Amino acid sequence: PPIGEVRACDFWIVEEWRRLDRSTPGAISAFYDSDLWVTWQDECGGSWFDVPCMYIQAIPEDAARGKRVLDFGAGSGKAGRGFLGAAASVTFFDVSARLLAGIKSLCARHGHDVKTLQRLEELPADFYDLVVAVDVFEHVPDPRGVLQKIVESMPIGGTLYQEVFFTSCDSIPYHLPAYYQTDEQWRAICLAAGLRPVKIHHNNDGLWERVG
């Protein structure tokens, strides 16, 4: 879409977030299920052809080929869609039921039957060979707990590709500043969760392996 349309949508997302009573149970999930957020995701990644080449290039081919892949915090699903055909299976996780329904419909139109999950307790243990979590942890109230659930869903030797941006400002207030982590703090959390860095391209962004 024209860049002006994306910026206009982003402005209203910020305004909606500022009005949100985040003390209400389920308020954050409802925000990510709102018309504004779903529209923004569609504009920025809803096209079938908008696949994330940078993610694919950063992940070794054998990490996904024939493997069970989880796109965690899927949004429009553009990360997971990039592995369809190569992976044995691709599962999409998001708190937004509307975004998950859109992913399922889009994938079905292109001949792919995919699974979607919406609750952390639905994650199977020791299952996913590759988990992709891009710009996720800074959006959740309990990033440490979410990371631990992700690690538990991977077998020993499984791979996590993450990109993390623990920064909050006026233009991105839905990055939760109360849970801000420095790069050193987040690295320590990852190590304590049983991960070891394998190939890092920026701060803590890159490939991690479950070792414990």
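The values are calculated or read from the model by the stated rules, or taken from the named source; none is laboratory data. On a predicted model such as this, the values are computed, not experimentally measured, just so you know. In this analysis, Cβ positions are derived from the backbone assuming ideal geometry, glycine residues included, and neighbour counts consider all displayed protein chains. SASA here: full protein model, heavy atoms, side chains in, ligands and nucleic acids out. Shrake-Rupley method; radii C 1.70, N 1.55, O 1.52, S 1.80 Å.
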TODO: Please indicate, with yes or no, whether at least one residue in the stretch 110-118 is open to solvent by less than 60 Å² (accessible area, probe 1.4 Å), more than 30 Å from E15 (Cβ to Cβ) and outside any strand (DSSP E or B).
DONE: yes
Open item on the list: With the structure loaded, tell me whether L70 is within 24 Å of A188 (Cα to Cα), open to solvent by less than 60 Å² (accessible area, probe 1.4 Å) and out of contact with any Leu (no Cβ under 6 Å at 6 or more places or on another chain) or whether it fails that test.
Closed with: yes
TODO: Only residues that are of a type outside the set (D, E, K, R) and out of contact with any helix residue (DSSP H, G or I) (no Cβ under 9 Å at 6 or more places or on another chain): list them for the stretch 106-147, please.
DONE: A108, G111, P124, F127
Task: Among residues of the stretch 122-153, those that are at pLDDT 95 or above and either aromatic (F, W, Y) or over 12 Å from the mean Cα position of the chain (by Cα) (or both), counted - done: 14
TODO: Inspect the stretch 179-187 for any residue being open to solvent by less than 40 Å² (accessible area, probe 1.4 Å) and at pLDDT 90 or above and give the result as yes or no.
DONE: yes
Task: Any hit, the stretch 92-101, residues being buried (at least 18 other Cβ atoms within 10 Å of the Cβ) and modelled with pLDDT of 95 or more - done: yes
